[in-house]
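What follows is a set of notes on a single structure, which appears directly below.
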Amino acid sequence: MNRLIRSLLGGLILLFCFAVHASPVAKITMKGAFEDHYDWVSQSLEEHRFYVILEPNIGRSLSNFKERWGEDYNRNGYEEIRSLVFCNPWYVNQVVNKDPEMAALCPLSVTLLHKGGTTDVLLLRPSQLKPNSPAQAILEELETDIMKALNAAQKP
């Protein structure tokens, strides 16, 4: 009986650990016009010293394959799919000093998906990509600062 209880308790603890594991993707949802959201996010990143270096229009690139992909094209019906690629030299230096492998994060990006008056801003969370990284404290700080910028974009 004691063994059964310990096994059940161990299983519950394991399930709880999986339940509280943070998603590797952070998501902020905004209501309204896409162009406004895109501009606000771009400006806010810049104001928080994350310098936008590239602005790929992924939706436009995908539309070139509409005919070839047929019914598989844009099944979720997004009206806009764009990214903002950005970097902060100070954070790059700090991360590379602690864990050169994590230089793979540079440059960082957010992807904006828009349909029906709603924009989702998506970020791969730096702190969740390599939890045992020697740069973990810097990665957590970086993520916090990016999220501050993204949250500030909701209140122009």
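Just to verify a result, which residue in the stretch 116-156, among those that are among the basic types (Lys, Arg) and at pLDDT 95 or above, is surrounded by the most Cβ atoms within 10 Å (Cβ to Cβ)?
Residues of the stretch 116-156 that are among the basic types (Lys, Arg), as a first pass: 125, 130, 148, 155.
Now restrict to residues that are at pLDDT 95 or above: 125, 148.
Numbers: Arg125: 17, Lys148: 12.
That would be Arg125.
Condition check ((1) of a type in the set (Phe, Trp, Tyr); (2) within 10 Å of Leu84 (Cα to Cα); (3) at pLDDT 95 or above) across all residues:
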position	(1), (2), (3)
Ala26	no, no, yes
Met30	no, no, yes
His37	no, no, yes
Trp40	yes, no, yes
Asn57	no, yes, yes
Ser61	no, no, yes
Arg68	no, no, yes
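Within the stretch 70-86, the set of residues being within 22 Å of Gly116 (Cα to Cα) and either in contact (Cβ under 8 Å) with a residue 12 or more places away in the chain or among the hydroxyl-bearing types (Ser, Thr, Tyr) (or both) comprises Tyr73, Asn74, Asn76, Gly77, Tyr78, Glu79, Glu80, Ile81, Arg82, Ser83, Leu84. Pairs are defined by a Cβ separation below 8 Å, a sequence spacing of at least 6 or placement on different chains, a first member in the stretch 49-69 that is on the phi > 0 side of the Ramachandran plot, and a second member that is surrounded by fewer than 13 Cβ atoms within 10 Å (Cβ to Cβ) and in a helix (DSSP H, G or I); the pairs so defined are Arg49/Trp90.
Can you find a residue that is in contact with a helix residue (DSSP H, G or I) (Cβ under 8 Å, 6 or more places away or on another chain), small (Gly, Ala, Ser) and either modelled with pLDDT under 95 or more than 23 Å from Glu141 (Cα to Cα) (or both) anywhere in the stretch 101-115? First the steps, then the outcome.
At the first step, the residues of the stretch 101-115 found to be in contact with a helix residue (DSSP H, G or I) (Cβ under 8 Å, 6 or more places away or on another chain) are 102-103, 105-106, 108, 110-112, 114.
Applying the additional criterion that residues be small (Gly, Ala, Ser) yields 103.
Still in the running and either modelled with pLDDT under 95 or more than 23 Å from Glu141 (Cα to Cα) (or both): 103.
Scanning the stretch 101-115 turns up at least one residue that is in contact with a helix residue (DSSP H, G or I) (Cβ under 8 Å, 6 or more places away or on another chain), small (Gly, Ala, Ser) and either modelled with pLDDT under 95 or more than 23 Å from Glu141 (Cα to Cα) (or both).
The values are calculated or read from the model by the stated rules, or taken from the named source; none is laboratory data. Here the structure is a predicted model, which is why all the values come from computation and not from measurement. FYI the Cβ positions are ideal-geometry reconstructions off the backbone, even for glycines, and counts take in every protein chain you see.
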